[in-house]
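Contents: one structure, followed by commentary.
The values are calculated or read from the model by the stated rules, or taken from the named source; none is laboratory data. Fair warning: this is a prediction, and the values are worked out from it, not measured in the lab. Neighbour counts are summed over all protein chains in view; Cβ atoms, including those assigned to glycine, are modelled from backbone coordinates with ideal geometry. Accessible surface areas use protein heavy atoms only, side chains included; no ligands, DNA or RNA. Shrake-Rupley method; radii C 1.70, N 1.55, O 1.52, S 1.80 Å.
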Amino acid sequence: MPRNMSFALTTGQMKEGSKTVTRRLGWWFLDPGEIVNAVEKAMGLRKGETIKKIGQIRIIQCRPEPLINITQQECVLEGFPNMAPEQFIEMFCQTHKGCSPRTAVNRIEFEHL
C-alpha cells in the first residue's frame with residue numbers, strides 16, 4: 001500500500017497538476033519508481049476528519065541539495081511560477097521548523113498518475 005505524502009501548502013497546485021517537484025526535510029527513503037498517495041493533509045487530523053486523496057504520483061528522482069540552490073525554473077516546477085527563489089526560500093523556512101537557506105533538503109521530482 002502506498003504511503004501518504006501531504007501537500008497541505010500546495011493542494012491547489014497538485015490538483016491542477018502544475019507541481020512536479022517538492023522539497024522535503026525528510027522522505028530520504030524514497031526510491032525512483034515508487035508510487036505515493038498525494039493527500040491534502042496526513043497528520044493533525046481532528047476527530048472525524050479523514051484523509052482526502054488528491055491522486056497518486058510516481059517518484060522520478062530524489063536528491064539532496066541546499067535549499068539556497070533553488071532557481072526560478074525550480075520555483076515553476078514547485079507550482080510557484082510568480083515567486084522568486086528568495087521568496088520561495090523565505091516561505092519554505094517559515095513553514096519548516098529549524099530550516100535555513102543552507103539546509104540540505106530532499107528535492108523530489110515526480111509525475112502525476
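Tell me the per residue accessible area of segment 45-92 using a 1.4 Å probe; a whole number in Å² is fine.
Heavy-atom SASA per residue in segment 45-92 reads 63 Å².
Over segment 31-113, with every protein chain in place, what whole percent of the accessible area is carbon and sulfur at 1.4 Å, could you tell me? If you can, show how the numbers build up before the last one.
Details: 2590 of 5000 Å².
Carbon and sulfur: 52 percent of the exposed surface of segment 31-113.
About its Cα centre, how strong a charge dipole does the chain have in debye, to the nearest 20, once Lys and Arg get +1 and Asp and Glu get -1 at the Cβ? Provide the component values of the computation, followed by the final result.
Values: 15 positive and 12 negative charges, 100 e Å.
Dipole size: approximately 480 debye.
Could you tally the net charge around residue 59, taking each other residue with its Cβ under 15 Å from the Cβ of residue 59, Lys/Arg +1 and Asp/Glu -1?
Net local charge, residue 59 excluded: +3.
Highest GNM mean-square fluctuation, the chain, Cα pairs closer than 10 Å: which of 34, 16, 65?
Of the options given, 16 has the highest mean-square fluctuation.
For segment 63-80, in order, what is each residue's ³J(HN,Hα) by Karplus, 6.51 cos²θ - 1.76 cosθ + 1.60 with θ = phi - 60°, in whole Hz (x at glycine and Pro)?
So the Karplus estimates, Gly and Pro as x, are 7, x, 7, x, 3, 5, 7, 4, 10, 4, 4, 5, 4, 4, 5, 6, x, 10 Hz.
Mind pulling up the Rg/Rh value for the chain? Radius of gyration and Kirkwood radius, both on Cα. Intermediate values should be presented prior to the final figure.
Details: Rg = 13.7 Å, Rh = 14.5 Å.
Over the Cα atoms of the chain, Rg/Rh equals 0.95.
If DNA, RNA and ligands are ignored and the probe is 1.4 Å, what is the ranking of 39, 76 by accessible area, most exposed first?
Most to least solvent-accessible, the answer reads 76, 39.
In degrees, nearest 10, range 0 to 90: what is the angle between the Cα axis of helix 85-95 and the longest Cα principal axis of the chain?
50 degrees
At R0 = 25 Å, how high is the FRET efficiency between residue 87 and residue 52 if r is their beta carbon distance? Nearest 0.05 is fine. Walk me through the numbers on the way to the answer.
Numbers: r = 28 Å, r/R0 = 1.11.
Efficiency for this residue pair is about 0.35.
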